[in-house]
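Structure record follows, encoded as structure tokens.
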Amino acid sequence: AFLCSNGAFCTWAAASSSFSCVGGTGTVNEATSSSSAGPPASVCPEGTLHEGHWDCANGAFCEEVDGAWVCEGGGSACVVHGGHTHGDCSDQCNGVDLGEYDLDLHVVALFMVLVSSLIGVLLPLLCSKALHGTVFSAIFFGAKHFGTGVIISTAFVHLLYHAFIMFGNTCLGELAFEPAAAAIAMGAYLVFGIDFCVMRWLKTRGKSCASTLNEDEDEKRTTDLGHCHGPSRLVHTDYASPQAHADVTILEAGIIFHSIMIGVSLGASGGSQWVPLFIAVVFHQMFEGLALGSRIGQLVWTDGRGWKRWVMAGTFGLITPIGVAIGIGVHSAYNPNSGAALLSIGVLDSISAGILIYAGLVEMLAHDFMHGELSHARAPKVVAAFFFLLAGSLCMSVLGKWA
């Protein structure tokens, strides 16, 4: 038998494989602990470790206190994590206690997120101006493939997963179509359609231009936007082409859609879990900035339009801090369990996931490995590319524990 911290007296019933508790002030179950193995399966079936606590298949929330496992069972636990909630929060739909709020610390966080975002996105661009030759090529090569891993991991681990959480929240009610997050993410078809139409337009334009050029001029294949492009380089290697610019613009749009909501969540939330969330967001923005900056750095601008690269970088750098500022402004009224918050975050995360899945797997991964220089590169270079790719995915996936 166990005497619980809430005053309940609990005994184990072997017949029903459950604890029977009498008295006390709440639904708390305690059992002897083995911290390495987690809570007993009888109390927490199919438990998974998450942010220092265990989420159980039966909806219980377990953590170790003074050598004993304390479980709030039966799905009654509502856990605030990363600016949103996990578990059954049906009794907190009108408001969630986000913990103590430190305004000064949040203002500092706004500027630190701004700095980390700008460092990430500007580093590849500045290196392209300051470094040349082998050194720059090696740095840019690593940043480029590390960024691909970051984008793919962001799409699956951060966005699509959290979209399912938003739409599965009990405060939103039962959806008529439960796989809504995945269905919205398939809006990537629209992105593909735009990409395809741009490619077709460029190919048609290239053919019409080619008919007016002799063979020597056709071999020259200038990359100026006002001239014709050779057909073999039209899609994948001409970084001055409208399609290359459109691909990077689509990538940035997918990042921006969810970055604003990350900022709002960080600015509005507080409590003991806020500092880990803040640290995770700082690294999140730096990694995403590195991914985007390495792709912007590849683009070629003509006719004095190089200033656009700085506009794209600045837009990414500012969007999350703007979200933080909005979160700070509305923190007293912000409710992550409101229908408006759940729907807006769920929809934006789903859209962003679809865009980044397409951009990451097709325009970045397949382009670089199957249609770019890696398709005929030497083995050591391919291995290095895979290393940076997996490193980017690993780093971003680890951050999914906190944000």
| In Å, descending, principal axis extents of the Cα set of region 351-391 | 37, 22, 7
| message | Highest mean first, how do 176-182, 313-319, 394-400 rank when packing is the count of other Cβ atoms within 10 Å averaged over residues? | response | 313-319, 394-400, 176-182
| request: Work out from phi, with θ = phi - 60° and the Karplus expression 6.51 cos²θ - 1.76 cosθ + 1.60, the ³J(HN,Hα) of each residue of region 309-325, listed in order in whole Hz, and give x for Gly and Pro. | output: 5, 6, 5, 4, 5, x, 4, 4, x, 8, 5, 5, x, 4, x, 4, 4
| By average Cβ neighbour count within 10 Å, what is the ranking of 330-341, 352-363, 276-287, 106-117 from highest down? | 352-363, 276-287, 106-117, 330-341
| field | Reference-scaled alpha-carbon Rg (2.2 N^0.38 Å with N residues) for region 103-399 | value | 1.08
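Each reported figure results from applying straightforward, stated rules to the coordinates on display, with no laboratory input. If you're wondering where the values come from, they're calculated on a predicted model, not measured in any experiment. Because the Cβ atoms are built from the backbone with ideal geometry, glycine has one as well, and the counts that use them run over all protein chains shown.
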